[in-house]
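Following: one structure in structure tokens, then a few remarks.
The values are calculated or read from the model by the stated rules, or taken from the named source; none is laboratory data. Bear in mind that the values here come from a model prediction, so they are computed numbers and not experimental data. FYI the Cβ positions are ideal-geometry reconstructions off the backbone, even for glycines, and counts take in every protein chain you see. Accessible surface is based on the protein model in full, side chains and every heavy atom, while ligands, DNA and RNA are left aside. Shrake-Rupley method; radii C 1.70, N 1.55, O 1.52, S 1.80 Å.
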Amino acid sequence: SFVFIGDIWKNVDIARVKKIPNVYFLGKIPYQNIPEAIKQFNVAIVPHRISELTMSMNPLKIYEYLASGVKVVSTPVEMSAECRKWVFIAHSQYEFNQLLKKCIQTKKTVLNSDLEQFLKTRDFPTVFFAVYLFRVRKSQV
């Protein structure tokens, strides 16, 4: 099943997707309940379209998913090289589907002592500052 949590953009029509029997839209949930909801996932996805914007973003969701021990399949958005060790990066729809299948079949969590140590250095101010510096440097090129 695919479970989506959070608001749907106003200009996005999900009527067709809502008819699929294994797709659920839960809407907003209280922020304090998000970690518990994520722990129920077999795999989390970050399926951004590739664009100039997505190639310069460092989604905080990836860190939240990893901190919950959930495997992450993502399109190639900007993230640190260290973070890429724990995220399955898909470069095509086919590869995205294959990685999803692989992650679902493997029940093992990604959380280990190396990942925990990495995440301890990634609080919000640190990640925000790193993204800010990346964008400033990129704009100067």
Take the conditions open to solvent by 100 Å² or more (accessible area, probe 1.4 Å) and under 28 Å from D114 (Cβ atoms) and apply them to K28. Does it pass? no
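Restricting to helices (runs of 4 or more DSSP H) lying wholly in segment 58-121: which have 3 or more residues that are closer than 22 Å to Q40 by Cα?
Numbers: elements: 60-67, 81-84, 93-105, 113-120.
Where helices (runs of 4 or more DSSP H) fall fully within segment 58-121 and carry at least 3 residues being closer than 22 Å to Q40 by Cα, they are 60-67, 93-105, 113-120.
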Could you please find all residues in segment 1-23 being outside any loop (DSSP other than H, G, I, E, B), exposed (fewer than 11 other Cβ atoms within 10 Å of the Cβ) and of a type in the set (A, V, I, L, M, F, W, C)? A15
Among the residues of segment 34-59, which ones are open to solvent by less than 70 Å² (accessible area, probe 1.4 Å), more than 18 Å from F2 (Cα to Cα) and not hydroxyl-bearing (S, T, Y)? M55, M57, N58, P59
Could you list, in sequence order, the residues of segment 60-78 that are open to solvent by 10 Å² or more (accessible area, probe 1.4 Å), farther than 19 Å from N33 by Cβ and at pLDDT below 85? E78
How many residues does segment 24-53 contain that are within 12 Å of the chain's Cα centre (by Cα) and part of a helix (DSSP H, G or I)? 1
What are the pairs, 6+ residues apart or on separate chains, where a residue within segment 24-50 that is at pLDDT 85 or above has its Cβ under 7 Å from a residue that is among the hydroxyl-bearing types (S, T, Y) and open to solvent by 100 Å² or more (accessible area, probe 1.4 Å)? Y24/S1
Only unsatisfied item for K101, checking (1) open to solvent by less than 50 Å² (accessible area, probe 1.4 Å); (2) out of contact with any Pro (no Cβ under 6 Å at 6 or more places or on another chain), is (1)
